[in-house]
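Q: Provided herewith is a single structure, encoded as structure tokens, for subsequent inquiry.
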Amino acid sequence: MRMRSQSKKSVPPPSWLTAGQVGGAMSADWQVSRCMPMPKGGVAEAGHVGLRNRTAQWQPHSDEGSPAGLVNVHGRFGDRDGLVYLGRRLDAPEAGERLLSLGHDGGARLFVDGRCVLTAPDTINPAVPGRSCMRLRLSRGSHEVVVAFDLASG
């Protein structure tokens, strides 16, 4: 999974954008939940599970050995089926519209600050950077980004 954020305007990006805060490949500092049962309606029915939710059993995720910018959970879950959540906090030092880009092969649902902003339930291999994109206005400050991800049996 790859996630990018970029300013809508075609001007040089601010330094915070290229420094890995709300911009560029954001693979570091992700937390991953335990494997959970898939809702009856699939990932499209997955509810938000925040980083403060203790039942998710959040753990830091390491992408050692993964291509740059890719959050790869296969090494952790193998061919298991179910739903996992990936989450992290982002700091936006200035307000503005961003293009959020999510690369994934399993179905996914994206939440920002607890609100669902994108649902892409289909499983399509391989994972392609930018498979699902959307524009989102972020206020200045800290934001929680959570992705519900269908493991799709590996």
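Q: Report, to the nearest whole %, how much of the accessible area of the stretch 106-154 belongs to carbon and sulfur atoms, 1.4 Å probe, protein only. Mind showing how you got there, number by number?
A: Numbers: 1130 of 2340 Å².
Of the solvent-accessible surface of the stretch 106-154, carbon and sulfur hold 48 percent.
Q: While we're here: What's the local net charge at residue 38, with K and R +1, D and E -1, over the other residues with C-beta under 12 Å away? Walk me through the intermediate numbers first.
A: Details: positive: 40, 80, 109; negative: 45, 81, 150.
With Lys, Arg at +1 and Asp, Glu at -1, the neighbours total 0.
The values are calculated or read from the model by the stated rules, or taken from the named source; none is laboratory data. As the structure is a prediction and not an experimental result, all values here were calculated from the model. Ideal geometry is used to build each Cβ from the backbone, glycine not excepted, and the neighbour counts take in all protein chains shown. Remember, those area values only see protein heavy atoms, side chains included, never the ligands or the DNA or RNA. Shrake-Rupley method; radii C 1.70, N 1.55, O 1.52, S 1.80 Å.
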